[in-house]
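Down below is the structure, laid out as structure tokens.
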Amino acid sequence: MALRRSAYRYYEHRLANALPKEGLPRHIGVILDGHRRFAREVTDGEYQKSYEVGMAKLEELLQWCAELEIKAVTAWVLSTENLRRPAAELDPYFLVLTDLFNRLPQLATRLHFSLSVSGSLDLLPPELALAAKRAVDEVAQIADPQMDVNIALCYGGRQEVVDACRSLVTDLVEGGVAPDELAESIDAEGLARNLYAADLPDIDLVIRTSGESRLSGFLLWQSAFAEFAFVDPYWPAFRRVDLLRALRDFTRRERRFGA
């Protein structure tokens, strides 16, 4: 066992050292999938324990990305569709997410990252929404952050595009654009300016765990030219070596920003 761990650490070390820094993605999007299956198979059906392991893993991921000097990370922790799940699954997750946001300011101070939250916070329990907003406000005090962290919370990709359209139209009307000129005034640049985290660069690499090979609406606009890595481990079991392998494969690809 000790020999296996030693060989694993050596392999991980080699992977990390072989990554060309100039070829790494600027912005990584991560779909944290597989908590419920992990609970059924590993934690004897205890959802809260699975969620706790998963959110601790998210904190580890941010540590790994900071060490690799990744500039931006968006982590999808809860979709709007997830709200349809039974309370027995959702209530413990809300508690764990609230605890996560209570811890994030301290982690942000240590790793020196900024924090934003994207999604429909008004649909969440007040305690969780307040914890998320409070974390963003506290982290905003950090000067010259080295990494941007965006948490997609109660997020839906189609809703984001709808909200961006509404916001753009509102801005145009308030700017004096006549109703019969609105259609011609709507363009891709305007929509992009009205996305939830408009100041972040487009996604370069999307990683989804648990073996599922779909986006499920994650950052539909921002991932238009992204590369994808679909990995087998459930999110709570995601390892640093899984991240390094995804980054290695990304650096080997010849990116084509078209058809």
Does Ala129 qualify as being aliphatic (A, V, I, L, M) and surrounded by fewer than 19 Cβ atoms within 10 Å (Cβ to Cβ)?
no
Pairs, please: C-beta under 7 Å, at least 6 apart or cross-chain, first residue within 15 Å of Arg253 (Cα to Cα) and in segment 8-22, second surrounded by fewer than 12 Cβ atoms within 10 Å (Cβ to Cβ)?
Lys21/Glu69
Which ones in segment 70-97 are in a helix (DSSP H, G or I), under 18 Å from the mean Cα position of the chain (by Cα), within 27 Å of Ala164 (Cα to Cα) and not hydrophobic (A, V, I, L, M, F, W, C)?
Glu81, Asn82
Restricting segment 145-200 to residues that are surrounded by fewer than 18 Cβ atoms within 10 Å (Cβ to Cβ) and of a type in the set (S, T, N, Q), the one nearest to Val77 (Cα to Cα) turns out to be Gln159
Give me a count of the residues in segment 56-85 that are in contact with a strand residue (DSSP E or B) (Cβ under 7 Å, 6 or more places away or on another chain) and over 18 Å from Leu153 (Cβ atoms).
4
Is it the case, given these coordinates, that Asp148 is outside any loop (DSSP other than H, G, I, E, B) and over 30 Å from Arg248 (Cβ atoms)?
no
Of these, Ala143, Ala197, which one is without any contact (Cβ under 8 Å) to a residue 24 or more places away in the chain, under 24 Å from the mean Cα position of the chain (by Cα) and assigned to a loop (DSSP other than H, G, I, E, B)?
Ala143
Considering every residue within segment 235-244, establish whether at least one is among the basic types (Lys, Arg), part of a helix (DSSP H, G or I), at pLDDT 95 or above and more than 21 Å from Gln63 (Cβ to Cβ).
no
Quick one: count up the residues across segment 101-139 that are under 14 Å from Cys154 (Cβ atoms), assigned to a helix (DSSP H, G or I) and touching an Asp or Glu at 6+ places or on another chain (Cβ under 9 Å).
2
Top-ranked residue of segment 146-194 - restricted to ones that are free of Cβ contacts under 8 Å to residues at least 12 places away in the same chain and within 29 Å of Glu81 (Cβ to Cβ), ranked as farthest from the chain's Cα centre (by Cα):
Thr170
Which members of segment 245-258 meet the condition of being in a helix (DSSP H, G or I) and free of Cβ contacts under 8 Å to residues at least 40 places away in the same chain?
Asp249, Arg252
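The values are calculated or read from the model by the stated rules, or taken from the named source; none is laboratory data. Worth saying up front: this structure is predicted, and the values here are computed from it rather than measured. Because the Cβ atoms are built from the backbone with ideal geometry, glycine has one as well, and the counts that use them run over all protein chains shown.
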